[in-house]
Amino acid sequence: MLNFRRRFQDNGANSTTYIAASAKFVGSLTGQGAYVFCGSVEGDCDINGPLTLAEGGRWKGTMKAVDIVVAGTVEGDVIAKQRVEIAGTARINGSLSGNSIAVAEGAIIEGAITVTSGEAPIKFQEKRQA
């Protein structure tokens, strides 16, 4: 049984980088630390830390990070070195890959799901408010 600790971003020792809902980012992004995207992104990223795409956020491209939470819309692949959490508000048109994957009821995923640990994806009901 996986000890899947939700809200893994709460553990961050460094400050979090936020991209506002009104912002649009175009290009490639690499970095370290926690990132939260509330706006629109067109491009790929490779983040050494947790990455969150908030509800209402849009991403077109490949997302790579240590841990990833998706509550918005993604057109592209989601690749985590460790954990992926898909909220019930998420819409993904692309593949998911991670050591462990949790998918909330209501999420729409159009693509392959690969759990690199060999475990089955975890399904859950969202019980707490954002």
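Any read-out appearing in this document is the output of simple, stated calculations on the displayed coordinates, not a laboratory observation. In this text, all values refer to a predicted model and were calculated from it rather than measured experimentally. All Cβ positions, glycine included, derive from the backbone under ideal geometry; neighbour counts span all protein chains shown.
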Amide H partners (placed H, <5 Å) of Val36, local residues excluded: Thr17, Tyr18, Ile19, Thr52
Mean separation of Cα contacts under 8 Å, 6 or more apart, over the residue count of the stretch 31-124: relative contact order %: 18 percent
Amide H partners (placed H, <5 Å) of Gly76, local residues excluded: Gly61, Asn93, Gly94
Cα gyration tensor category, rounded, prolate or oblate, for the stretch 20-72 with a/c compared to 1.5: oblate
Sequence of Ser28, Ser15 once ranked by neighbouring C-beta atoms within 10 Å, starting from the fewest: Ser15, Ser28
Table column - 3J(HN,Hα) (Hz), the stretch 78-95, Karplus curve with 6.51, -1.76, 1.60, x for Gly and Pro: 10, 10, 10, 6, 10, 10, 10, 10, 10, 6, x, 8, 6, 10, 10, 10, x, 8
Total charge dipole magnitude, the chain, about the Cα centre, Cβ charges on Lys, Arg, Asp, Glu only, Debye to nearest 20: 280 debye
